[in-house]
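The values are calculated or read from the model by the stated rules, or taken from the named source; none is laboratory data. All values derive from a computational prediction rather than experimental measurement. Every residue, glycine as well, gets a Cβ built from its backbone with ideal geometry; the counts of neighbours run over all protein chains shown. Only protein heavy atoms, including side chains, enter the accessible area calculation; ligands, DNA and RNA are left aside. Shrake-Rupley method; radii C 1.70, N 1.55, O 1.52, S 1.80 Å.
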Amino acid sequence: MAAVIAPLSWWPAPAKLNLFLHVVGRMPDGYHALQTVFQLIDRCDQIGMAVRADGVIERPEGMAGLAPQADLAVRAAQALQRQTGVRLGASLSVIKRIPAGGGLGGGSSDAATVLVALNTLWETGLEIDALAELGLELGADVPVFVRGQSAWGEGRGERLTALALPQRWFLVLQPAVAVSTAEIFQAPELTRNSEVVTMRGFLAGETRNDCEPVVASRYPEVAAALEWLGSQRDLAGMRVRGRLTGTGACLFAAFERAEDAQHVATLVPERWRGFVARGLQYSPLHGMLGRG
Ligand code: C5P
């Protein structure tokens with residue numbers, strides 16, 4: 001019998017932006033307690049999955065320089081196998097379109113898509129809460145992608161409240177550096193005692209990304225990109241506001257109209273890359289399962 005027993009199907013893994021990120025304390029295990037808003041966007045990795053009969057998890061295609069055993073997509077499949085005792089395997093082809101090391105949650109989203117899709121393809125029947133819990137062991141950002149809705153996040157980012165955000169377009173700017181999340185969370189100069197903000201405070205715009213000053217001072221390319229973004233104007237002449245997502249290195253600016261985002265995108269200096277993305281309330285992953 002051939003190892004692959006079902007046709008390849010393709011599953012999307014969207015990126016996220018942190019519209020703000022406050023570090024409000026520290027957990028007993030050393031992790032940081034955060035407040036954030038996760039905004040899903042329509043920039044997606046794609047993962048081709050085919051069920052194997054022999055229990056093997058293979059990754060024939062994936063990010064250059066990332067070994068299969070270090071790939072969160074592979075680790076997610078292994079975690080689901082362990083949790084459920086299923087004897088099936090999978091072939092995973094990961095097509096990366098989300099920049100890695102950018103604070104866009106690409107690796108976490110890949111892991112979440114594998115958990116949700118294989119739970120269907122393997123017919124392992126875990127509830128969404130169990131999948132989110134399993135995902136949290138792989139990374140703090142996995143649960144929001146498992147649940148598949150833009151959300152208010154607290155704790156490590158796993159205590160989630162779905163949020164209906166206004167329709168926005170985003171210019172995402174990618175400075176040519178990768179930032180280590182662990183390095184930024186270990187930085188002595190990081191603010192760790194931000195006041196707890198209410199949802200009303202967020203809506204009034206009283207927020208920031210506490211990681212931004214740390215990343216900007218350690219990575220001059222990020223500081224330069226942030227300064228460039230803040231000196232731009234949209235088509236109506238309004239000043240653009242740039243902000244870091246997660247621990248960077250990517251920055252973003254929000255616009256009500258697609259044409260404003262497109263306009264500023266045409267001005268991005270050649271040494272950086274940029275792309276325009278639409279904000280999503282629901283993950284396209286859940287649209288595929290008829291839940292979106
Ligand atoms: O969860 P993730 O693998 O993205 O986190 C990378 C590292 O960043 C963790 O090992 C931890 O040191 C730090 N971190 C933290 N507090 C968070 C998220 C991450 O201290 N809420």
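Are any of the residues in the stretch 88-102 touching a residue at least 40 places away in the same chain (Cβ under 8 Å), open to solvent by 20 Å² or more (accessible area, probe 1.4 Å), out of contact with any Gly (no Cβ under 8 Å at 6 or more places or on another chain) and among the hydrophobic types (A, V, I, L, M, F, W, C)?
Looking for residues that are touching a residue at least 40 places away in the same chain (Cβ under 8 Å), open to solvent by 20 Å² or more (accessible area, probe 1.4 Å), out of contact with any Gly (no Cβ under 8 Å at 6 or more places or on another chain) and among the hydrophobic types (A, V, I, L, M, F, W, C), one finds none in the stretch 88-102, hence no.
When you scan the stretch 230-251, do you find a residue that is surrounded by fewer than 15 Cβ atoms within 10 Å (Cβ to Cβ) and in contact with an Asp or Glu (Cβ under 6 Å, 6 or more places away or on another chain), even just one?
yes
For Val56, are the conditions met, namely being farther than 27 Å from Gln149 by Cα, modelled with pLDDT of 95 or more and touching a helix residue (DSSP H, G or I) at 6+ places or on another chain (Cβ under 9 Å)?
Taking the combined requirement at face value, the residue does not satisfy it.
Counting only residues that are away from the ligand (no atom under 16 Å from the Cβ) and open to solvent by less than 10 Å² (accessible area, probe 1.4 Å), how many does the stretch 24-50 have?
Number satisfying all stated conditions: 8.
I'm trying to understand the selection: among the residues of the stretch 51-87, which are β-branched (Val, Ile, Thr) and open to solvent by 20 Å² or more (accessible area, probe 1.4 Å)?
Passing the criteria: Val56, Ile57, Thr84, Val86.
Filter the stretch 180-196 down to the residues that are open to solvent by 70 Å² or more (accessible area, probe 1.4 Å) and not β-branched (Val, Ile, Thr) and list them by number.
Of everything in the stretch 180-196, those that are open to solvent by 70 Å² or more (accessible area, probe 1.4 Å) and not β-branched (Val, Ile, Thr) turn out to be Gln186, Pro188, Glu189, Asn193, Glu195.
Just checking, which of Arg271, Arg208, Arg218 is free of Cβ contacts under 8 Å to residues at least 40 places away in the same chain and not assigned by TED's automatic domain parsing to the domain that holds Pro28?
Answer to the check: Arg218.
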